[in-house]
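Quick notes on the structure that follows.
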Amino acid sequence: MDGHGQTRTEESLIPKHGGCRKLKTFQLASLIYDVTVRFCDRFIDRRSRTHDQMVQAARSGRQNIAEGSVDSATSKKMEMKLTGVAKGSLEELRLDYEDFLRQRGLPLWPPDHPALRRFNALRCATLEQFRRWVAQEARRWEEESAGGNTDEHGETRTPARAEATRPCPSVSSVSQELLASVLAANGALSLLNLCIFLLDCQLKAQADSFEREGGFTERLFRRRTARRSQGNV
């Protein structure tokens, strides 16, 4: 029996909840929010609706994960609803990043692009680490461009290989600002793809848990039934 007169095996009416900071989805959404604020301030006109919409979508993704984690104490339905809202907000943000690239004729990289493979290997957790990756990739591209038809290992690059690794296809010389925007947008999309995938897994896990165990109402019913069976009213 614990200090509240409840046996250790007795089901808790209010289960453990919160703790969103330990969720991988919350950590990713927080990084996406920080990256998006920086991206919009640098590459999107601050007077445009797109600037505000992208920042708000990123914030909504993060905040709804946190709110859903807290509300899980008394409503599994609300937890699932807010997790779904978070996913929807990040889906909207993903479209905005894709639109940014498409409307400017800039490349949307596949997951196996060399720069993204290096990005994923870093597992960036902070905005500073993300910015460092952008700077490193920009320097790498400039060095490869200056080095002619050889890669970072001094080996000859085929035309197909050169085109595949070039941040801006068919552009041999680009400004630092344009190059940074391509890197930042594709890096943000990589984070979004992972976070949205994990949120989908989180939603399925929440639905399975609700189906097996029910929510607050079911726990309350079981608690009252158990008390009646023990002669307590």
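Of all residues in the range 113-134 being without any contact (Cβ under 8 Å) to a residue 12 or more places away in the chain and over 18 Å from Ala29 (Cβ atoms), which is farthest from the chain's Cα centre (by Cα)?
Arg132
Would you check which residues across the range 84-118 are surrounded by fewer than 20 Cβ atoms within 10 Å (Cβ to Cβ) and more than 13 Å from Asn186 (Cα to Cα) and list them?
Scanning the range 84-118 gives Gly84, Val85, Gly88, Glu91, Glu92, Gln103, Arg104, Gly105.
Per-residue answers, yes or no, for (1) closer than 30 Å to Phe100 by Cβ; (2) aromatic (Phe, Trp, Tyr); (3) modelled with pLDDT of 90 or more; (4) part of a helix (DSSP H, G or I):
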{"site": "Gly154", "(1), (2), (3), (4)": "no, no, no, no"}
{"site": "Ala164", "(1), (2), (3), (4)": "yes, no, no, yes"}
{"site": "Gln202", "(1), (2), (3), (4)": "yes, no, yes, yes"}
{"site": "Ala207", "(1), (2), (3), (4)": "no, no, no, yes"}
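Leu183 passes all but one of (1) at pLDDT below 90; (2) of a type in the set (A, V, I, L, M); (3) out of contact with any Lys or Arg (no Cβ under 8 Å at 6 or more places or on another chain); which number fails?
Going through (1) at pLDDT below 90; (2) of a type in the set (A, V, I, L, M); (3) out of contact with any Lys or Arg (no Cβ under 8 Å at 6 or more places or on another chain) one by one, Leu183 breaks only (1).
Just checking, which of Leu82, Leu93, Leu108 is under 21 Å from Tyr33 (Cα atoms) and outside any helix (DSSP H, G or I)?
On inspection, the qualifying residue turns out to be Leu108.
Tell me, please, whether a residue that is within 20 Å of Leu179 (Cα to Cα) and modelled with pLDDT of 95 or more can be found in the range 72-94.
yes
This table checks each residue for (1) closer than 22 Å to Leu106 by Cβ; (2) modelled with pLDDT under 55.
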residue: Met1; (1), (2): no, yes
residue: Gly5; (1), (2): no, yes
residue: Glu10; (1), (2): no, yes
residue: Gly18; (1), (2): no, yes
residue: Lys24; (1), (2): no, no
residue: Val37; (1), (2): yes, no
residue: Cys40; (1), (2): yes, no
residue: Asp45; (1), (2): yes, no
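Taking Thr50 and the conditions (1) more than 12 Å from Leu199 (Cα to Cα); (2) touching a Leu at 6+ places or on another chain (Cβ under 7 Å); (3) at pLDDT 95 or above, which numbered condition does it fall short on, given that it satisfies the others?
(2)
The values are calculated or read from the model by the stated rules, or taken from the named source; none is laboratory data. What you see is a predicted model; the values in this text were computed from it and never measured. Cβ: placed from backbone, ideal geometry, glycine included. Neighbour counts: every protein chain shown.
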